[in-house]
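These notes are about the structure you will find just below.
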Amino acid sequence: MAVTPEVRTLLDALAALEEVPIEEQTPQQVRDGYAALALTAAKEDVGSVTDQVVPTPDGDVPVRVYVPAGPDRGGRPGLVFLHGGGWVIGSLDTHDHTCRSLANGTGATVVSVDYRLAPEHRHPAAVDDALAALHWVAANADELGIDPDRLAIAGDSAGGNLAAVAAQRARDGGPALRFQLLIYPAVDMAMSHPSIEENAEGYFLTKASMLWFRGHYVGNDPASWDDPAVSPLNAPAEALAGLPPALVITAEFDPLRDEGEAYAAALRAAGVDATATRYDGVIHGFFSMPDLLPEGKAAIDEACQALRAAFD
């Protein structure tokens with residue numbers, strides 16, 4: 001099918017801006033543009049929002065803690081969220097609206113992680129920060145008002161990559177996770193799946209920009225792409241067995257579509273309860289656009305329902 005009318009309007013508006021392609025900009029220029037775009041998103045009210053830091057040997061990692069509206073009946077679930085942006089862009093602010101929606105929709109306290117970005121901090125800095133934040137939430141559950149037995153992890157795009165890696169690491173090293181929400185995750189750094197070429201241009205995220213992100217994060221040596229800590233799809237079946245249930249959300253016109261669905265299939269083959277939901281007619285990033293795209297609102301609703309069921 002074709003893109004939806006709402007997506008076509010969005011793509012036409014972006015094309016009319018005639019912006020310089022990402023791959024021709026500096027990381028800071030792209031960060032600034034992404035931050036400005038995110039300012040237009042509608043934000044839900046939540047019970048409270050506080051900024052804290054996670055101390056690590058490499059320095060403090062900022063986190064933002066969202067407590068949902070409504071009564072606390074004694075220990076809320078906890079959801080660690082890792083933002084997207086190709087490991088190069090994105091911040092607590094760019095995904096503030098998404099975290100608010102997830103907090104209210106799940107009844108969970110959401111902890112959003114401002115992990116270090118490439119190229120200033122290449123792999124494995126982002127992985128290290130994601131894991132440090134996950135362990136910090138578990139260790140400080142009482143202070144955060146979180147039930148440590150009801151933890152989950154989530155992320156979109158590059159954040160989906162980090163969430164998948166963290167879930168693999170947590171299987172053996174803890175803390176125990178109830179669920180993993182992977183929103184159009186980048187799980188194959190080799191970029192070997194057909195949708196990379198099928199949706200290479202014209203659908204917001206391009207193959208050229210993905211190459212730019214990858215180069216800044218891990219470099220262009222194919223040998224650096226094999227590690228499951230970079231490409232979680234490369235993890236052997238025995239490393240996937242016993243992982244928490246997963247919901248993998250993909251978009252029809254997304255270069256990352258096929259690898260996300262392949263990861264869900266690999267999880268199922270390893271005995272994990274994994275659901276892959278493809279939203280037709282939409283593009284990468286649609287989950288963050290519920291005020292513009294009805295499919296974005298539907299995907300958030302599906303994600304929140306799956307998380308609530310896992311927490312209960």
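Close contacts from region 1-26, counting a first residue that is touching a residue at least 12 places away in the same chain (Cβ under 8 Å) and under 27 Å from Pro119 (Cα atoms) and a second that is among the aliphatic types (A, V, I, L, M) and assigned to a helix (DSSP H, G or I), with Cβ to Cβ under 9 Å and a gap of 6+ residues or different chains, come to Pro21/Ala208; Ile22/Val30; Ile22/Ala208; Glu23/Ala208; Glu23/Leu211.
Between a first residue in region 142-153 that is among the small types (Gly, Ala, Ser) and a second residue that is in a loop (DSSP other than H, G, I, E, B), which pairs have beta carbons less than 7 Å apart while being 6 or more apart in sequence or on different chains? Qualifying pairs under 7 Å: Gly145/Asp72; Gly145/Gly75; Ala152/Leu177; Ala152/Arg178. Going by the structure shown, is Gly78 at pLDDT 95 or above, on the phi > 0 side of the Ramachandran plot and not charged (D, E, K, R)? No: the conditions fail for Gly78.
When the residues of region 21-42 are filtered to those that are surrounded by fewer than 13 Cβ atoms within 10 Å (Cβ to Cβ) and in contact with a helix residue (DSSP H, G or I) (Cβ under 8 Å, 6 or more places away or on another chain), which remaining residue is modelled with the highest pLDDT? If we take residues in region 21-42 being surrounded by fewer than 13 Cβ atoms within 10 Å (Cβ to Cβ) and in contact with a helix residue (DSSP H, G or I) (Cβ under 8 Å, 6 or more places away or on another chain), then Pro21 is modelled with the highest pLDDT.
For region 149-251, the helices (runs of 4 or more DSSP H) that sit wholly inside it and include 1 or more residues that are among the hydroxyl-bearing types (Ser, Thr, Tyr) are 194-198, 207-217.
Pairing each residue of region 257-276 that is surrounded by fewer than 17 Cβ atoms within 10 Å (Cβ to Cβ) with any residue that is outside any helix (DSSP H, G or I) and not hydroxyl-bearing (Ser, Thr, Tyr), provided the two are 6+ apart or on different chains, yields C-beta distances under 6 Å for Arg268/Ala274; Gly271/Ala241; Asp273/Pro245; Thr275/Leu247. Condition test on Val113, is it farther than 25 Å from Phe311 by Cα and surrounded by 16 or more Cβ atoms within 10 Å (Cβ to Cβ)? Against the criterion (farther than 25 Å from Phe311 by Cα and surrounded by 16 or more Cβ atoms within 10 Å (Cβ to Cβ)), Val113 does not qualify.
The values are calculated or read from the model by the stated rules, or taken from the named source; none is laboratory data. Fair warning: this is a prediction, and the values are worked out from it, not measured in the lab. Note that we place each Cβ from the backbone using ideal geometry, even for glycine, and neighbour counts take in every protein chain shown.
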